1. At a 10 Å Cβ-Cβ cut-off, how would you order 34, 22, 54, fewest neighbours first?
2. Just rank 35, 62, 12, 48, fewest to most, by other beta-carbon atoms within 10 angstrom.
3. Given axes a ≥ b ≥ c from the Cα gyration tensor, I'd like to know whether the range 7-71 is rounded (a/c under 1.5), prolate (a/b larger than b/c) or oblate.
C-alpha cells in the first residue's frame, strides 16, 4: 500500500525507504525512535516505542524496510511493529 493511500485504523505490511532515524525519551523515561519513511507517493513518520540501542543501530543501517504498521490517527503518525 502506498503512503498516500494510508488511512486511520489500517494495518499494512509494506516496503518503505528509511530516510531518517532519531532517538527520543518518552514521558515515562523509555527510549523511542522516530523513523521517517518514504515511497514515491509521499513521506510519513513512525514511532518505535521501548526501543533499544540495538534498534537504533539496525534502523540507521537499513535503507529499505519491510514492516508492519498500524495507523493510529489522521495526523499521519504511525506505530511501527517489527
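Taken together, the values in this text are just the output of simple stated rules run on the coordinates, not laboratory data. Worth saying up front: this structure is predicted, and the values here are computed from it rather than measured. Neighbour counts are summed over all protein chains in view; Cβ atoms, including those assigned to glycine, are modelled from backbone coordinates with ideal geometry.
1. Ordered from fewest to most neighbouring Cβ atoms within 10 Å, 34, 22, 54 come out as 54, 22, 34.
2. Lowest count first: 62, 12, 48, 35.
3. oblate
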